[in-house]
1. Name the single residue that is modelled with the highest pLDDT among those in region 39-94 being open to solvent by less than 90 Å² (accessible area, probe 1.4 Å), closer than 30 Å to THR18 by Cβ and part of a loop (DSSP other than H, G, I, E, B).
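The values are calculated or read from the model by the stated rules, or taken from the named source; none is laboratory data. As the structure is a computational prediction, the values presented were derived from the model and not from experiment. For neighbour counting, all protein chains shown are included, and Cβ atoms are generated from backbone atoms with ideal geometry for every residue, glycine included. The protein model used for the area step is the full one, side chains on, heavy atoms only, and it has no ligands, DNA or RNA in it. Shrake-Rupley method; radii C 1.70, N 1.55, O 1.52, S 1.80 Å.
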Amino acid sequence: MCYTSTNGLFEDHSYPTTTRDLIDRYGEQTLELAGGSQTIGEVLSVAGEETFESAEEARYAVYAGMGSEAIGREGYTDRDPEPPGTNGHAPVSF
């Protein structure tokens, strides 16, 4: 199975559970990321041995363990480095 979203991930699992339990059950499943993919096992192995009380806690461990493949454009920002109206930037009006 391949996931493009973490919504619903781990919802059907029984809690509390451990990192090892989640890796054993879901570890081979793939997460499609902006810059590639990683397995759930690869991502969760970063967390070390944890105990999770809910699916939400387990998903947060997945978010924390994702590599640069999840970022998309590294270093990209759509924000001005300086506020409009300073250093030659024209004020922006919406």
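1. Per the criteria, the residue is SER54.
Condition check ((1) of a type in the set (Asp, Glu); (2) assigned to a strand (DSSP E or B); (3) closer than 16 Å to TYR60 by Cβ; (4) modelled with pLDDT under 90) across all residues:
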residue	(1), (2), (3), (4)
SER5	no, no, yes, yes
GLY8	no, no, yes, yes
HIS13	no, no, yes, no
ARG20	no, no, no, no
ASP24	yes, no, no, no
GLU28	yes, no, no, no
GLU32	yes, yes, no, yes
